[in-house]
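Take a look at the structure below.
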């Protein structure tokens, strides 16, 4: 499996920046099946599984989880069996995300939403081990200390000085990891794709689990457009205009919202150098 690492760093010129220098860290180009933080989150999980002699990966996700699809791809390319515990009832035909995961060899097990809420309980996990045998457990979204370590590595790939690192945030893992690797004069902002105001606590929990709590990050939850996977006419218009201007189709769930904030929110003073991660 050939990975494009380090991922490219590209200057973005746009008059809306108003004197801000913006570079895009193109993690979306790392691998077609494992773009961006998907590979970074899985890298050390895969090493841990291999070191422990576990040939099976088990993880969790919703019906449209790109994490499930990426875990299936990692297993396919690197020789692991994969199991996905899917939130909600099974629908036939499978949607494109789950169909791709299944095509890559993932065993899909659907559970009710009520049952899914118990996914971290010891008794629930014991039942899964009775059913599937010994496996390496990866949390929903890949949010654990192994993933934080992988996400921290992206900062070292940036070959120019900058002031602010911007990431889109779902689980907070990329923000948690990247913030641990910043220089003293740098800071990170995670643009939340979800509403609810809980993401900051998750970032803190992830950093504590990694043993590297920092105070150089913040969560901006003003640009979620109503919640996870929600969008409106203004966001759609922005995404279409951005692709026409720059030839990049942004993901509307995550990076599209982050780029909307950066280009329309006037968040940074002129002269600031910003790196935005596209995953």
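Any read-out appearing in this document is the output of simple, stated calculations on the displayed coordinates, not a laboratory observation. In this text, all values refer to a predicted model and were calculated from it rather than measured experimentally.
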Residue-averaged [θ]222 nm for the chain, counting only DSSP H segments that reach four residues, each worth -39500 (n - 2.57): -11500 deg cm²/dmol
Contact order normalised by residue count of the chain, Cα under 8 Å, 6+ apart, percent: 22 percent
Computed over the range 110-176, the ratio Rg/Rh where both radii use C-alpha atoms and Rh is Kirkwood: 1.14
Rg/Rh ratio calculated on Cα atoms of the chain (Kirkwood radius): 0.97
DSSP bridge pairs, the chain: antiparallel proportion in percent, nearest 5: 10 percent
Shape box of the range 1-102 [Cα atoms, principal axes, largest first, Å]: 49, 36, 18
Tilt relative to the chain, helix 145-156 - C-alpha long axis, 0 to 90 degrees, to 10: 30 degrees
In degrees, nearest ten, helix 233-246 long axis to first principal axis of the chain (Cα): 70 degrees
Distribution of pairwise C-alpha distances over the range 55-134, 10 Å bins, in %: 20, 52, 28, 1
Tilt relative to the chain, helix 122-132 - C-alpha long axis, 0 to 90 degrees, to 10: 70 degrees
